[in-house]
1. For the range 1-35, which trypsin sites (Lys or Arg not before Pro) are in a loop by DSSP, counting at most 13 other Cβ atoms within 10 Å?
2. In straight Cα distance, which aspartates and glutamates are under 15 Å from Lys258, not counting same-chain residues fewer than 8 positions off?
3. Between Asp50 and Val262, what is the spin-label point distance in nm, taking each point 7 Å from the Cα along the Cα→C-beta axis?
4. Once amide H atoms are built 1.01 Å from N in the peptide plane, which residues 5 or more positions from Gly43, or in another chain, come under 5 Å H to H?
5. Using a 10 Å cut-off around each Cβ, can you sort Tyr201, Tyr131 from fewest to most neighbouring Cβ atoms?
6. Which pairs break 24 Å Cα to Cα here: Lys121/Lys257; Lys121/Lys264; Lys45/Lys247; Lys257/Lys291; Lys6/Lys60?
7. Output the 0 to 90 degree angle, nearest 10, between the alpha-carbon long axis of helix 239-250 and the longest principal axis computed from the alpha carbons of the chain.
8. What's the FRET efficiency of Glu29 with Phe270 using the Cβ-Cβ distance as r and R₀ = 35 Å, to the nearest 0.05?
Amino acid sequence: MNKFPKVAVILINRNGYSLTEACVRSLVETGYPGLLTVIVDNGSKQSDLDQLAELARREKSVVVHPLGHNAGFTKANNAGIRLGLEQQADYLWVLNNDTEVRQDAVDLLLRAFTEHKLDGKSTILSSIITYADNDNIWCNGLRDMAWFNFPRSVDKGRPAVEVARPGVVLQAAQYSVGCSMFFTREFVAAHGLMDEDFFIYYDDLDYSLGCHNVFLQQPLVRHKVSSTSGNKGSARFTPFQAYLFAKNGIHYYFRRKKISFVEKIIYLGFTNWVFVVLYVRDIGTLSAHLKGLWAGLTGKKTPKFN
């Protein structure tokens, strides 16, 4: 592999140009010579598409790939990964567009792979991810709560300075998080692409299931989510989001992770209702949640959504 392996960063944009542009700016400021940023547009309005085209004209390392409709998180990421591989990328970095990265992020992620001799066929690498409005941790890995099977973020809310370590110290995790997943082209060859029926939610758990998931113990990514929302202050879910969250949770835990019968009873009787408490605000969304549970139990596919 050459001195500067090619790294393709996959960003998904849907009517969020200002966030995407800020993320691209932070990537450009890394100064990494082998960087390619692939922006997959999920059916944005024309004004966003025009701005993205102008961004690509200004930044030669940026490629825009419009899909023309909302294909979801998984299908859009797969499109970006394919394009990155076509461009001979050695590494792929699936990254949320509502993030900004530290200037040395690419260098440290690459160093982690080489210095720790990580197996490219099985490893997904991330880092400490902090909130954008302070230096507290948003995620340092994902793990399921024992018996309840609800994914929890490791070290959430802790000041990053309490956890971070100099150099390329790694910490193992049960799962990676879709906000930031860094892996090799060999990983894609071995594991394939994301399951597009997830559309969004639980897709990162599914993609990282059984993999070597490690988090570099430095805050390399800042995520623009609210650090103070709490539960009733959390964003309200739409009926379609509620449907997918319920359906995908059942599909993942019952068919992919294959939890025990007792855990299934706990999940149906308690765990999935945590979502309702956190995000459901009206009867229509509750109805969609119940339909999603039934779809998950019966194995229905996700309906097309535009």
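1. Hits after loop and neighbour filter: Lys3.
2. Reachable aspartates and glutamates: Asp144, Asp206.
3. 6.2 nm
4. Leu67, Gly68, His69
5. If I rank by nearby Cβ atoms, fewest first, I get Tyr131, Tyr201.
6. On the way: Lys121/Lys257 21 Å; Lys121/Lys264 32 Å; Lys45/Lys247 29 Å; Lys257/Lys291 22 Å; Lys6/Lys60 14 Å.
Pairs exceeding the cut-off: Lys121/Lys264; Lys45/Lys247.
7. Approximately 90 degrees, to the nearest 10.
8. Details: r = 46 Å, r/R0 = 1.31.
So, using R0 = 35 Å, E works out to roughly 0.15.
Each reported figure results from applying straightforward, stated rules to the coordinates on display, with no laboratory input. This structure is a prediction, so every number in the text was calculated from the model and none was measured. Don't worry about glycine lacking a Cβ; one is built from the backbone with ideal geometry, like all the others, and counts go over all protein chains shown.
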